[in-house]
Amino acid sequence: MRGEFSAELEVVRKKVEQEAQITQSDLKRQISELELRCEDERTEKNRLQVAVDELESSSRARAAAQAREQEFLVQFKKQLENGIVVTKFGSRGVPHQRVVYADAQCHWLSWRSPATSATHSSLLQPKTDSKVDTCDLVEVLPGATTENFTRQRPDAPARCFSLVFVHPCRTLDLQADTAAQCQQYLRGFRLLQEEAALKRR
């Protein structure tokens, strides 16, 4: 009787030990899975933080670049109000120096001979045939690419650029005195064109 009881007790003990081992093994596996999951979550959190930091940095850089462009446009408009001296290539005659200028709000561009004094009335009411509205500026082309430039080859094509207008459809084909000026004018007129495009929407 005692032997049977001992045998049963041994069976129960072994069963308990096995269950304990299984439970311990399950717990270890679950802990390992949780640790892996935590590590994955930490990695994902770090990845997301890096992405957020990059987006914020990119956004700050974009805002700073836009602020610089706006400041440049403000200065360029002031420069246009005072007038810039360029060589104009027209559909008739030889290329000639002209002062390209704008009203204070940069609603229109006009051009005149450097010899002509910039009287108040001429600035307020330029001639119709020498005036274009900036809202009609649709493209700024670098280089000597238009018909006027093809007809009268410029001595420095790299310093040339064209302003393309609609209503009426025409180009204003200009050559700057220096390459640096040309780049400055290209940048300024492109910003002016972007502003005009926003106003047309």
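The values are calculated or read from the model by the stated rules, or taken from the named source; none is laboratory data. All figures in this text were calculated on a predicted structure; none of them were measured in a lab. Note that we place each Cβ from the backbone using ideal geometry, even for glycine, and neighbour counts take in every protein chain shown.
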Check: Before we move on, is residue 155 touching a residue at least 40 places away in the same chain (Cβ under 8 Å) and of a type in the set (D, E, K, R)?
Finding: no
Next item on the list: Could you tell me whether residue 83 is surrounded by 10 or more Cβ atoms within 10 Å (Cβ to Cβ) and on the phi > 0 side of the Ramachandran plot?
Entry: yes
Next item on the list: Run down 30, 70 and say which single residue is among the polar types (S, T, N, Q), within 30 Å of residue 111 (Cβ to Cβ) and surrounded by 10 or more Cβ atoms within 10 Å (Cβ to Cβ).
Entry: 70
Notebook entry, point to check: With respect to the numbered conditions (1) at pLDDT below 90; (2) surrounded by fewer than 18 Cβ atoms within 10 Å (Cβ to Cβ), which one is the sole condition not fulfilled by residue 126?
Noted result: (2)
Notebook entry, point to check: Say we look at the stretch 140-199 and pick out the residues that are closer than 14 Å to residue 95 by Cβ and among the basic types (Lys, Arg); which of these is surrounded by the most Cβ atoms within 10 Å (Cβ to Cβ)?
Noted result: 159
Note to self: Name the residue that is surrounded by the most Cβ atoms within 10 Å (Cβ to Cβ), counting only residues in the stretch 104-121 that are within 30 Å of the chain's Cα centre (by Cα) and closer than 22 Å to residue 162 by Cβ.
What the structure shows: 109
Next item on the list: Filter the stretch 46-79 for residues that are at pLDDT 90 or above and farther than 30 Å from residue 187 by Cα and give the result.
Entry: 47
Checklist line | Which listed residue is part of a helix (DSSP H, G or I) and in contact with a helix residue (DSSP H, G or I) (Cβ under 6 Å, 6 or more places away or on another chain), from 72, 76 | finding: 76
